[in-house]
Amino acid sequence: MAEDPSPRLDAAVDRLREQLVADRRDLHRHPELSYRETRTAELCAERCEQLGYAVRTGVGGTGVLADLDSGRPGPTVMVRADTDALPIVERGTHRPVTSEVEGAMHACGHDGHVAMALGVADVLAGLRESWSGRVRMCFQPAEEVAGGAQPMIDQGAMEGVDRVLGIHLWAPLQVGRVAVTPGPLFGSADEFGLVVRGRGGHGGMPHTSVDPVACAAQVVTALQTIVSRETSPFQPAVVTIGRIEGGMAFNVIAEEVRMRGTVRAFEQSERERLLQRIAEVAADIAASMRCEAEFIRANGCPPVVSDAAVAEVVRRAAVATVGEENVDVAPRITVGDDVALFLERAPGCYFLVGAGDVAAHPVAPHHHPEFDIDERCLPVGVGVLARAALAELNGR
Ligand SMILES: [Zn+2]
Ligand SMILES: [Zn+2]
């Protein structure tokens, strides 16, 4: 391109400042739980249509895809934003607006993600004559339950996509800073269930029963050795049993104990090994205590891995937006995000944009009832994302 679109990009982001805050606040007031993001989807579809995008709604449920073609040959760059809120009762009165839906709250910053993606859609539409190829905006539902990306992929979300870009706002990172990590950023996240079955009976005569509670206690302890004794100390991994349930009365031996847990890893092979060992250890411990253990694999997603070359494009976009001194390499974090499924299918980069004023006051963690974002993060995210998309569209 003959002309450097950078100053025009900055001006476009600047013009959007009020809109970004207004959109974020509107979404914050109307949070929608996973798989029920209908109002949010309508807003995304309507706005993108106004901007000239070709919009597909109801993609894999409440997903929205919006395409803008430059009319010139080039790559297809997808910008992904997750749209769902959490089943949390919001607390605290310090924020400009609060949730108006009882029992639902944007406590992870996805309200900001959607607002920023709409901003990027706007900026790129305005600069349409200065890029080639095609932009695809992807508004993905049900991230919090790792259930939204796969149905969108099943309905063609990744067809023809060459690059994937996405942001997670990050409250522990100072607002005004951006963190880009080549390689794994977030871990895999898998949910699993275990059912330990024994034989019920009288609590005073345990020898006439097979006690699944005593067995489950051994299983929980043994599972922790999969990380502490079988995994390299240089390989981050987590095995957590978050829920355990069994028995009806103090003097009754239960029939069964049900557990649910999660596994985190940063390599696909490690992820599979951990899940397999959980099943094996549970089965073998149970057998040694005359019980049976059934392992149930539930929803899950692979680690979030950014391509090194795309991460470098994003890093340069971040430097151009906030300056070298405000760009970090983020350490790995053992949360999960099903953006991983998009990143498995095309090279891309998922990066963090600082969303808390940690220098001024303590910041509530993500998924906390008092979680909030510092809205100054919004134009930063739009600037980096739009700039990175532009670089990819124009062959860097
Ligand atoms: Zn979350
Ligand atoms: Zn999130």
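Taken together, the values in this text are just the output of simple stated rules run on the coordinates, not laboratory data. Keep in mind it's a predicted model, so treat the numbers as computed, not measured. Glycine gets a Cβ as well: all are built from the backbone with ideal geometry, and neighbour counts include every protein chain shown.
Quick check: the angle from helix 38-50's long axis to the longest principal axis of the chain, C-alpha only, nearest 10 degrees?
Long axis of 38-50 versus the principal axis of the chain: about 20 degrees.
Report P(r) for segment 95-197: all Cα-Cα distances, bin width 10 Å, range 0 to the bin holding the largest distance, values in whole percent.
Taking all Cα pairs of segment 95-197, the binned fractions are 9, 31, 37, 17, 4, 1, 0 percent.
Per-residue counts of other Cβ atoms within 10 Å, averaged by peptide: what ranking do you get for 316-327, 178-189, 258-269, 131-142, highest first?
131-142, 178-189, 258-269, 316-327
Considering every Cα-Cα pair within segment 229-371, what fraction, in whole percent, is farther apart than 17 Å?
Details: 7501 of 10153 pairs.
For segment 229-371, the fraction of Cα-Cα distances above 17 Å is 74 percent.
Relative to the Cα centre, what is the charge dipole magnitude of segment 236-332, using +1 at the beta carbon of each Lys and Arg, -1 at the beta carbon of each Asp and Glu, and rounding to the nearest 20 debye?
On the way: 12 positive and 15 negative charges, 24 e Å.
About 120 debye.
Amide H neighbours of T76 under 5 Å, counting only residues 5+ apart in sequence or on other chains, H built in-plane at 1.01 Å?
R134, D162, R163
So what's segment 11-109 giving for Rg/Rh, alpha carbon basis, Kirkwood Rh from the mean inverse pair distance? Mind dumping the intermediate values first?
Details: Rg = 15.5 Å, Rh = 15.2 Å.
Rg/Rh for segment 11-109 comes to 1.02.
Just to check, using Stokes-Einstein with a Kirkwood Rh over alpha carbon pairs, what's the diffusion coefficient of segment 266-309 at 4 °C and 1.567 mPa s in µm²/s? List each step's numbers first, then the result.
Working: Rh = 12.4 Å.
For the chosen part, D equals 105 µm²/s.
Expressed in whole Å with the largest first, what are the equivalent ellipsoid semi-axes of segment 187-269 derived from the C-alpha gyration tensor as the square root of 5 times each eigenvalue?
On the way: eigenvalues 203, 31, 13 Å².
Largest first, segment 187-269 gives 32, 12, 8 Å.
Using the 10 angstrom Cβ neighbour count as an exposure proxy, how do F192, F250 rank, fewest first? Let's see the in-between values first.
Numbers: F192 22, F250 6.
Sorted ascending by nearby Cβ count, the order is F250, F192.
Which value, in Å³ per residue, describes the convex hull spanned by the Cα atoms of the chain? Don't skip to the answer; put the middle values down first.
Details: hull volume 58.5 nm³, N = 396.
Cα-based convex hull of the chain, divided per residue, equals 148 Å³.
I'd like the distance separating the alpha-carbon centroids of segment 370-385 and segment 203-233, in whole Å.
Taking the Cα centre of each part, segment 370-385 and segment 203-233 sit 45 Å apart.
Nearest 10 degrees is fine. How inclined is helix 377-393 to the longest principal axis of the chain, computing both from alpha carbons?
Here the helix axis deviates by roughly 70 degrees.
Helix-only estimate, please: 222 nm mean residue ellipticity of the chain, summing -39500 (n - 2.57) across DSSP H runs of length 4 or more and dividing by its residues, to the nearest 500. Present the calculation step by step, with values, prior to reporting the outcome.
Working: 10 runs with 138 residues, N = 396.
About -11000 deg cm²/dmol.
For segment 39-162, just the Cα atoms, rotate onto the principal axes and tell me the three extents in Å, largest first.
50, 31, 20
Between 0 and 90 degrees, rounded to the nearest ten: what's the tilt of helix 110-126 against the longest Cα principal axis of the chain?
Orientation of helix 110-126: about 30 degrees from the principal axis.
Could you tell me which residue out of M78, V220, T231 lies farthest along the dipole of the chain toward its positive end? Charges go on the beta carbon: Lys and Arg +1, Asp and Glu -1, centred on the Cα centre.
Selected residue: T231.
About the Cα centre of the chain, how large is the charge dipole given +1 on each Lys and Arg Cβ and -1 on each Asp and Glu Cβ? Please answer in debye to the nearest 20.
Details: 38 positive and 55 negative charges, 85 e Å.
For the chain, the charge dipole is close to 400 debye.
Quick check: from the Cα gyration tensor, does segment 23-79 come out rounded (a/c under 1.5), prolate or oblate? Present the calculation step by step, with values, prior to reporting the outcome.
On the way: a/c = 2.56, a/b = 1.90, b/c = 1.35.
Taking the square roots of the gyration eigenvalues as a ≥ b ≥ c, segment 23-79 is prolate.
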